[in-house]
Amino acid sequence: MSTDASSSTDKNIVDLTRKHRDKAAAKAVRTTRERLQSGNNATGAFAPEMLRMYLSSSLQGAAIMPVLVMLVGGVGAYLDLRPELYLWALLTLSVHALNIVLARKAIKSEITQTTVGKWRTALLVGQVAMGSCWAVFAWQDCSACDGNTYILYKGAVLLIVLSITAMANMLLRQAVLVGFLPTVLVLSLIAGTTRQPLDIGLTAMFTTAMVFFVYVTDRLYQNSLRLMSFQTEKDDLIAELEVANSMSDEARRRAEEANLAKSRFLASMSHELRTPLNAILGFSEVMATEVLGPLNNPLYKEYAGDIHRSGQHLLNLINEILDLSRIEAGKYELNEEAISLLELADDCIGMVQLRARAKNISITPHLEQQLPQVWADEKGMRQVILNLLSNAVKFTPQGGEISVKVGWTAGGGQYVSIRDNGPGIPEKEIPVVLSAFGQGSIAIKSAEQGTGLGLPIVQAILAKHGGDFKLKSKLREGTEVIAIMPASRVLQSLPAVAETQAIEPRKRQFA
């Protein structure tokens, strides 16, 4: 069996395909969301990406630290001409160069879940080495400086370096802590040895600043991780929407193909079914009425009548299916003209009066007189009123009553209301009755079952006119159906023009 996608327009195949795809998509989305909603799993999943982002930002800002080191060394040499500062600057630049080489090597390699821990440890060791260089700077003293000038200079430099390092290493957790812990130890040792208030204050201030920056960088790291999680979830949801959109387009295309095939089938079958039906109806009517002579067996006459009634039922079914198909396909065109709902309702009452009398049903019209005409399709509106009246007669019991009203709506439109005192429709079955081929439980139990297309056709025709359809029913209290035409289709007659005095023609004057 081929595994390629079927090009069949069978809706069962489409439904099964969509169900299978929806199941796979739902499983993928559920797995992604479980990964994103778990904090530990999210940290492990995004660790390689966060490390790559850190390496990229470190390489982009690689020139900042050398400039700072040369500036610090130059100012320090100006304050105290000692070779130790030049050696410190050379050592710091060398360590920074090694860290840049390590970052370049790491970014060129493939960072995965298994190697991310190794690269992170190596980068932290580089930060410890860089922090040790700044600890060496903090250990130095200036014998040629006056007062506490060098201490203030050293404290300002360390705070600037701490802030720059904290912002540069925001995506590498614990880099600030392990990098400047040696500096804190050196400052604490100096403060404990000298016991000078300025040294103690510098140590306390730097330690507090380091703790603060550790907290800030950790919060920034968590926010970056959360933003990356949201970005990934957004990308997954966009992918899900694209898959659902493609599935919807494919299903819609197949549904359109199925609808086109249905329309072609109905168009061809209408001719193929109506041709033999005309012969069946004609010959069965001739036999039932004994036009060519009496039938020897009375049962034959009864059978001929049954054949004629069954043929009429089948013809009505075909006509209703074709009408509904044309409406759904947008091929139903309105032949609009000025018509009177009063006259249409009166004609339709006369057409169903014979069937109503056979069941001893009384039809009482309540027609509001002098209603203006409406701009509508006469054939369509006649079909609407006939369908509603036929349903009322069909489901009203012996000796029942039907009330037909035609009048104004509150919005300036016109309506046709048909109310009966039949068994009614349960509230939960009203959506079923209004759907195509839908029948309520009472209609199924009734001897006069229909096709279930009358009310959908009524709704579709009224929708083509811009109107509305309402069904109100309660069990054992009867049913009322209302067909509403909008005010825009009511043709209001213009008032007569009042007589006005004619304007006298202006006299011409000649020179």
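Rundown of residues vs (1) touching a Phe, Trp or Tyr at 6+ places or on another chain (Cβ under 9 Å); (2) touching a residue at least 60 places away in the same chain (Cβ under 8 Å); (3) of a type in the set (Phe, Trp, Tyr), yes/no style:
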| site | (1), (2), (3) |
| --- | --- |
| Gly282 | no, no, no |
| Val291 | no, no, no |
| Asn296 | no, no, no |
| Ser310 | no, no, no |
| His313 | no, no, no |
| Tyr332 | no, yes, yes |
| Leu341 | yes, yes, no |
| Asp346 | no, no, no |
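Taking the options Ala251, Ala239, name whichever one is part of a helix (DSSP H, G or I) and in contact (Cβ under 8 Å) with a residue 24 or more places away in the chain.
Details: Ala239 fails: in contact (Cβ under 8 Å) with a residue 24 or more places away in the chain.
Just one listed residue meets the conditions, Ala251.
What is the residue count in region 197-206 for residues that are in contact with a helix residue (DSSP H, G or I) (Cβ under 8 Å, 6 or more places away or on another chain) and surrounded by fewer than 17 Cβ atoms within 10 Å (Cβ to Cβ)? Steps first, answer last, please.
We begin by selecting, within region 197-206, every residue in contact with a helix residue (DSSP H, G or I) (Cβ under 8 Å, 6 or more places away or on another chain); these are 198-200, 202-203, 205-206.
Then keep just the ones that are surrounded by fewer than 17 Cβ atoms within 10 Å (Cβ to Cβ); that gives 198, 200, 205.
Total meeting the criteria: 3.
Among the residues making up region 84-114, those that are free of Cβ contacts under 8 Å to residues at least 60 places away in the same chain and among the β-branched types (Val, Ile, Thr) are Thr92, Val95, Ile100, Val101, Ile107, Thr114. Only a single criterion out of (1) surrounded by fewer than 18 Cβ atoms within 10 Å (Cβ to Cβ); (2) farther than 18 Å from Gln140 by Cα is not satisfied by Thr165, namely (1). Residue-level check: of (1) closer than 30 Å to Arg326 by Cβ; (2) of a type outside the set (Asp, Glu); (3) modelled with pLDDT of 75 or more; (4) surrounded by 11 or more Cβ atoms within 10 Å (Cβ to Cβ), Ile442 misses just (3).
Does region 39-47 include one or more residues that are at pLDDT below 75, under 30 Å from Thr232 (Cα atoms), aliphatic (A, V, I, L, M) and in contact with a helix residue (DSSP H, G or I) (Cβ under 9 Å, 6 or more places away or on another chain)? Yes, some residue in region 39-47 is at pLDDT below 75, under 30 Å from Thr232 (Cα atoms), aliphatic (A, V, I, L, M) and in contact with a helix residue (DSSP H, G or I) (Cβ under 9 Å, 6 or more places away or on another chain). Among the residues of region 319-338, not a single one is open to solvent by 70 Å² or more (accessible area, probe 1.4 Å), part of a helix (DSSP H, G or I), modelled with pLDDT of 80 or more and of a type outside the set (Lys, Arg). Listed by position, the strands (runs of 3 or more DSSP E) inside region 354-428 whose residues that are touching a Pro at 6+ places or on another chain (Cβ under 7 Å) and open to solvent by 10 Å² or more (accessible area, probe 1.4 Å) number at least 1 form an empty set.
The values are calculated or read from the model by the stated rules, or taken from the named source; none is laboratory data. Bear in mind the structure is a predicted one, so any value in this text is a computation, not a measurement. Neighbour counts are summed over all protein chains in view; Cβ atoms, including those assigned to glycine, are modelled from backbone coordinates with ideal geometry. What goes into the accessible areas is simple: the full protein's heavy atoms, side chains included, and nothing from ligands, DNA or RNA. Shrake-Rupley method; radii C 1.70, N 1.55, O 1.52, S 1.80 Å.
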